[in-house]
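Undergrad: This is the structure, below, for whatever I ask next.
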Amino acid sequence: MKASVIVCTFNRADLLSDTLKALRLQPAPQGGYEIIVVDNNSSDDTRTVTERLAAEAGAPIRYLFEKNQGLSLARNAGIRAAHGDIIAFVDDDVDVEAGWLSAILAAFQDPLVACAGGPVRPMWPFSKPEWLTKEWEGYLGITEFESVRETGEFRWPTYPWGLNMAFRREIFDTVGYFSAELGRIGKGLLSNEEVSVCQRIDEAGHRIRFAPDAIIYHKIHADRLTRQSFYHRAYYQGRSDAILDQRSTSRAYSRVRTFASSMFWGQVQPSHDAFDTRCKERLFIGYLSQLAGMHDHAHGSYRKLRALKLFLSTILKTAAAQVSERQHHLDHLETLVHERDRWLADRDRAIADRDQQKRDIEEQLGVERDNWQRQAIESRTTIATLREELWIRVGLRLGLLNSLQSK
């Protein structure tokens, strides 16, 4: 089968050059492969770099110019121009393993597989920031897809990511192309365009295969390693999720409940990680703003967003205060219950100690009685005789005591 590797790019000629060089070194599959560079209206020397590399030895490289801005539009243009049976997508800022293309094409040996994707590993410009937790690394395009490794199959809500995915060419004629409503446009960070396609493939009953050896390395740009860039990215991810969910009312309501619950408990039990809290807040704000039609290009959108944020913050703080007050009452009741339990435990211990003392006395009296009877038997005397002797001794001692006191 022939493969087409599509690289969509916008003003990244310097990074594009290294990516194309790595792709040219891929072992050619039996049907061969081509590389298509889709220039999405760049103003740098993207075309010059592409044509220079195309003139050198290696896999054929084709240049395609798409003037309409938008990642989805660029990808769709690449699909229409592709000659391959399998169409693979990578970003313009990646490096690839030597066997990447062979590994991802191997997933399509099964005729039921319509899509495949592999892991993406980072190439840091410097040490990873301490504040960046694993939960948010996905915003940098980093993933090992741990959740699908065991089964080897992608299922909702986890699908291949855009910088390392491949499709059968014919599947786009069945489920449609990438949505122009999603995907990055200039500085806008809308996403989920690949999720939308994969979801349609999944719903149509086709398989989406995980290719663990189809490894790509993503070059992380220094300007993306700031907290503010993650807050910005989280806001757009929220918007992207809302656009995707609006196709399914039940899913939209489900995610709203999840977001609301997460933010509520974040107020009740604040996280010590301010970065994590802020990202979640921005994610939720973006989601609701999209559902409410507060798009960035709308008149007065930022004022509406501030009002929405204040509204949500007030609701959450009020709810958190009520929960805190109820929790205070519960804590007081719990204290009273503990005090009652301690009093009951002390009483039970006192009763147990008293019963034990009673048993000890009874045991001691029984021992003394047994000793007395044994002495009577051993001395061959009767109990009456012992009593008589006892009283005689007691009387003699009392008489001696009286005589001593009279002197």
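The values are calculated or read from the model by the stated rules, or taken from the named source; none is laboratory data. Since we're looking at a predicted model, the values are computed, not measured. Counting neighbours? That spans all protein chains shown, and the Cβs are built from the backbone with ideal geometry, glycine included. SASA here: full protein model, heavy atoms, side chains in, ligands and nucleic acids out. Shrake-Rupley method; radii C 1.70, N 1.55, O 1.52, S 1.80 Å.
Undergrad: Using the heavy atoms of the protein chains and a 1.4 angstrom probe, tell me the accessible area per residue for the stretch 30-121 in square angstrom. Working shown, then result.
TA: Details: 3600 Å² over 92 residues.
About 39 Å² of surface per residue is accessible.
Undergrad: Continuing with this model, one more query. For LEU25, what charge total do you get from the other residues with a beta carbon under 13 Å from its beta carbon, if Lys and Arg give +1 and Asp and Glu give -1?
TA: Working: positive: LYS21, ARG24; negative: ASP18, GLU56, ASP95, GLU97.
Net local charge, LEU25 excluded: -2.
Undergrad: List the residues whose amide H sits under 5 Å from the amide H of GLU153, counting only those 5 or more places along or on another chain, with H placed 1.01 Å from N in the peptide plane.
TA: Distant-sequence amide H within range of GLU153: PHE210.
Undergrad: Points 7 angstrom from Cα along the Cβ direction at SER127 and ALA352: gap in nanometres?
TA: Those two pseudo-labels are separated by 5.6 nm.
Undergrad: Run the accessible area of the stretch 164-206 with a 1.4 Å probe and give the carbon-and-sulfur part as a rounded percent. Don't skip to the answer; put the middle values down first.
TA: Numbers: 830 of 1740 Å².
Exposed carbon and sulfur together represent 48 percent of the surface.
Undergrad: What is the mean projected area of the alpha carbon convex hull for the stretch 30-157, to one decimal in square nanometres? Could you put the intermediate results ahead of the total?
TA: Values: hull surface 43.0 nm².
Taking the Cα atoms of the stretch 30-157, their convex hull projects to 10.8 nm² on average.
Undergrad: Okay, moving on. Go ahead and collect, in residue order, the members of the stretch 38-69 whose backbone nitrogen is under 12 Å from a label point 7 Å along the Cα-Cβ direction of LYS21.
TA: In the stretch 38-69, the label zone of LYS21 (backbone N under 12 Å from the point 7 Å along Cα→Cβ) covers 53.
Undergrad: Place the peptides 69-81, 203-215 in order of packing, highest mean first, counting for every residue the other Cβ atoms within 10 Å and averaging per peptide. Could the numbers behind the result be given before it?
TA: Numbers: 69-81: 21.1, 203-215: 18.1.
The peptides rank, most packed first, as 69-81, 203-215.
Undergrad: Here is a follow-up. Amide H of PHE65: which non-local residues (sequence gap of 5 or more, or other chain) have their own amide H closer than 5 Å, using H built in the peptide plane?
TA: Placed amide hydrogens put ASP39 under 5 Å from PHE65.
Undergrad: Mind jotting down a quarter of the surface of the convex hull over the alpha carbons of the stretch 82-212, in square nanometres, one decimal? Walk me through the intermediate numbers first.
TA: On the way: hull surface 36.8 nm².
Seen from a random direction, the Cα hull of the stretch 82-212 projects 9.2 nm² on average.
Undergrad: Counting only protein heavy atoms, what percent of the accessible surface of the stretch 74-154 is carbon or sulfur at a 1.4 Å probe?
TA: Values: 1700 of 3300 Å².
Answer for the stretch 74-154 is 51 percent, counting heavy atoms of protein chains only.
Undergrad: Report D for the stretch 16-56 in µm² per second (integer): Stokes-Einstein, Kirkwood Rh on Cα pairs, 37 °C, 0.692 mPa s.
TA: Details: Rh = 11.3 Å.
Here the translational diffusion coefficient equals 289 µm²/s.
Undergrad: Could I ask something else about it? Per-residue HN-Hα couplings for the stretch 136-142, Karplus 6.51 cos²θ - 1.76 cosθ + 1.60 at θ = phi - 60°, whole Hz, x for Gly and Pro?
TA: 9, 5, x, 5, 9, x, 10
Undergrad: Separate question: Evaluate E = 1/(1 + (r/R0)^6) for GLU181 and ARG227, where r is the Cβ-Cβ distance and R0 equals 22 Å; express this FRET efficiency to the nearest 0.05. Provide the component values of the computation, followed by the final result.
TA: Working: r = 29 Å, r/R0 = 1.30.
Computed FRET efficiency for GLU181 and ARG227 comes out at 0.15.
Undergrad: Can you give me the convex hull volume of the Cα atoms of the stretch 1-89, divided per residue and expressed in Å³? Walk me through the numbers on the way to the answer.
TA: Details: hull volume 6.9 nm³, N = 89.
Cα convex hull per residue, to the nearest whole number: 77 Å³.
Undergrad: Could you state the accessible area per residue of the stretch 146-190 in Å², with a 1.4 Å probe and every protein chain left in place?
TA: Numbers: 2260 Å² over 45 residues.
Counting only protein heavy atoms, the per-residue value for the stretch 146-190 is 50 Å².
Undergrad: Go through 335-343, 168-176 and give me the packing order, highest mean Cβ count within 10 Å leading. It would help to have the intermediate numbers written out before the result.
TA: Details: 335-343: 9.9, 168-176: 15.3.
Highest mean packing first, the order is 168-176, 335-343.
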